[in-house]
Amino acid sequence: MTKQIEESYQLAKQRYAEIGVDTEQVLADLEKVKLSIHSWQGDDIHGFLFPNQELTGGIGVSGNYPGVATTPDQLSNDLSKALSLIPGKHKVQLHAIYAVTDQPKDLDQLEPSDFKYWVDWAKKEGVGLDMNGTFFSHPMLKDGFTLASPDKEVRDFWIEHGKRSRAIANYFGEELGQQSVNNFWIPDGYKDNPIDKLTPRLRLIDSLDEIIKQPYAEKNTIEAFEGKLFGTGVESYTVGSHEFYANYALTREKLWTIDAGHFHPTEDVSDKFSAFTPFGKGLMLHVSRPVRWDSDHVVILDDALIRMMRSLVRDDLLGQTNIGLDFFDATINRIAAWVIGTRATQKALLMGMLAPIKHLKEVEINHDLTERLMLTEELKSYPFGAVWDEFCVRNNVPVGTEWLKEVQTYEKDVLLKR
């Protein structure tokens, strides 16, 4: 098997060299890309602060596959297993509800020490940590509002939570030596048409400004703000729309989060990267797979994913973009879901890199649209899979379908005994 992989790679290396692509450089470049893998695929977004609380705020998970993680050790062990099957070193995204506390705490009481468990685990795994405040599934989500609520008591609760999430993200950065992106998404809005669309947004601006007032070193943490077209229960009006957060990120020198599932189904999400980055500080990307709408299916190597990763590569935007995953499916093995989605994203990046980009830009500027079309079409049948297999071999992870055997063994020995 190893000999066949090497022979196939050498043939692919020659094929790509003929069109000016150095596969060795591509493999080195792909190795540098750290994806941020989301913890909530492993436990269906229950967390450990309020594990029996109903999901609210437009959040929902389908399925009841056996083996869901219910303790910190179970979730971290499942993550470790998934990471062992994914090439490269990456980051892990946490939500505030994944705090590991000695005593019951609410979201406005969390401290960095409540995440020491995860920092210790991350150091052992050699990964970074990103942060998300949890602005859903809580009694203080009142009448569909958090930071934009007309009720000052509600706003103050969530403002305090936002401040504490920033302190936790800063702790991650200090301890792990990697910048922790702290993402903010809130579900605020109305199911039916509101009279006043401006005032809730003014309240949201004031709340966010209060949250980010305390300065932190950007080498440790930076905030990202995630918009949405609409959601369940807020079909008519979303306070934190795409335009709102893009402008907020621009004026506050923060990151804008683009979630692939949060746009109209006919929009090309990849086209938004180059429209924002000339003006903004950078992007946080949530790679998801919407089916009809924000359903967060497991990411696969489809056209949308290929376009997104290709755009980041062609426009040299990887240095300005944090790539995170955001999907959850409880109808299949949860560890397999992590591996499938993450490896698919890496494959899409590889496909984008395995192209004579400089030459393609030259023929385009010379208006040789014939060669541009010819090359981009021929690339679709080039042997990128052989290069991917080589990448897996060099990173000591299973090639092809072999990784599923490890997941099936883990399911039998661990998941089905929970």
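When the stretch 39-57 is filtered for residues that are in contact (Cβ under 8 Å) with a residue 12 or more places away in the chain, surrounded by fewer than 18 Cβ atoms within 10 Å (Cβ to Cβ) and either touching a Cys at 6+ places or on another chain (Cβ under 6 Å) or not charged (D, E, K, R) (or both), the ones remaining, listed by number, are Phe50, Pro51, Gln53, Leu55, Thr56. With respect to Tyr216, determine if the residue is among the hydroxyl-bearing types (Ser, Thr, Tyr) and without any contact (Cβ under 8 Å) to a residue 24 or more places away in the chain. No.
Just so you know, in the stretch 300-328 the residues that are among the acidic types (Asp, Glu) and within 24 Å of Asp130 (Cα to Cα) include one that is nearest to the chain's Cα centre (by Cα), and it is Asp326. The set of residues from the stretch 114-132 being among the small types (Gly, Ala, Ser) and touching a strand residue (DSSP E or B) at 6+ places or on another chain (Cβ under 6 Å) comprises Ala122, Gly128.
Go through the residues of the stretch 288-297 one by one and say whether even a single one is on the phi < 0 side of the Ramachandran plot, within 12 Å of the chain's Cα centre (by Cα) and of a type in the set (A, V, I, L, M, F, W, C).
no
Across the stretch 60-79, the qualifying residues are those that are of a type in the set (S, T, N, Q) and out of contact with any Pro (no Cβ under 8 Å at 6 or more places or on another chain), and the one among them that is nearest to Asp326 (Cα to Cα) is Ser62.
Anything in the stretch 278-298 that is among the β-branched types (Val, Ile, Thr) and surrounded by fewer than 19 Cβ atoms within 10 Å (Cβ to Cβ)? List them, or say none. Within the stretch 278-298, Val291 is the sole residue that qualifies. With respect to Thr251, is the statement that it is in contact (Cβ under 8 Å) with a residue 24 or more places away in the chain and among the β-branched types (Val, Ile, Thr) true? No: the conditions fail for Thr251. Inside the stretch 366-393, residues that are closer than 24 Å to Glu7 by Cβ and exposed (fewer than 14 other Cβ atoms within 10 Å of the Cβ) make up a count of 3.
Per the conditions (1) modelled with pLDDT of 95 or more; (2) surrounded by fewer than 22 Cβ atoms within 10 Å (Cβ to Cβ), the sole criterion not satisfied by Ser36 is (2).
Asp102 meets each of the listed conditions (1) surrounded by 21 or more Cβ atoms within 10 Å (Cβ to Cβ); (2) charged (D, E, K, R); (3) free of Cβ contacts under 8 Å to residues at least 40 places away in the same chain apart from (1). Please determine whether any residue of the stretch 271-284 is among the β-branched types (Val, Ile, Thr) and outside any loop (DSSP other than H, G, I, E, B). Checked the stretch 271-284: no residue is among the β-branched types (Val, Ile, Thr) and outside any loop (DSSP other than H, G, I, E, B). Out of curiosity, is Ala12 surrounded by 16 or more Cβ atoms within 10 Å (Cβ to Cβ) and over 22 Å from Lys405 (Cβ atoms)? Considered against the rule, which asks whether it is surrounded by 16 or more Cβ atoms within 10 Å (Cβ to Cβ) and over 22 Å from Lys405 (Cβ atoms), Ala12 comes out as yes. In the stretch 227-239, the residue that is nearest to Leu285 (Cα to Cα) out of those that are free of Cβ contacts under 8 Å to residues at least 60 places away in the same chain and assigned to a loop (DSSP other than H, G, I, E, B) is Gly227.
Scanning the stretch 178-198 for residues that are free of Cβ contacts under 8 Å to residues at least 12 places away in the same chain and either surrounded by 19 or more Cβ atoms within 10 Å (Cβ to Cβ) or part of a loop (DSSP other than H, G, I, E, B) (or both) turns up Ile195, Asp196. Within the stretch 145-177, if we keep just the residues that are assigned to a helix (DSSP H, G or I) and without any contact (Cβ under 8 Å) to a residue 12 or more places away in the chain, the residue that is farthest from Asp209 (Cα to Cα) turns out to be Glu153.
Please find, among Ser62, Ser36, the residue that is of a type in the set (Ser, Thr, Tyr) and under 30 Å from Met353 (Cβ atoms).
None of the others qualify; the one that does is Ser36.
Screening Met351, Met309 for residues that are touching a residue at least 24 places away in the same chain (Cβ under 8 Å), buried (at least 23 other Cβ atoms within 10 Å of the Cβ), outside any loop (DSSP other than H, G, I, E, B) and at negative phi leaves exactly one candidate, Met309.
List pairs: first residue in the stretch 73-98 and closer than 19 Å to Tyr171 by Cβ, second residue surrounded by fewer than 21 Cβ atoms within 10 Å (Cβ to Cβ) and modelled with pLDDT under 95 anywhere in the structure, Cβ distance under 7 angstrom, at least six positions apart or on different chains. Between residues of the stretch 73-98 that are closer than 19 Å to Tyr171 by Cβ and residues that are surrounded by fewer than 21 Cβ atoms within 10 Å (Cβ to Cβ) and modelled with pLDDT under 95, the close pairs are Ile97/Phe50. If you take the residues in the stretch 256-265 that are in contact with an Asp or Glu (Cβ under 7 Å, 6 or more places away or on another chain) and in contact (Cβ under 8 Å) with a residue 40 or more places away in the chain, which one is surrounded by the fewest Cβ atoms within 10 Å (Cβ to Cβ)? By that ranking, first place goes to Gly261. The set of residues in the stretch 272-306 that are charged (D, E, K, R) and under 16 Å from His38 (Cα atoms) comprises Arg289, Asp296.
The values are calculated or read from the model by the stated rules, or taken from the named source; none is laboratory data. Keep in mind it's a predicted model, so treat the numbers as computed, not measured. Glycine also receives a Cβ, built like all others from the backbone with ideal geometry; neighbour counts cover every protein chain displayed.
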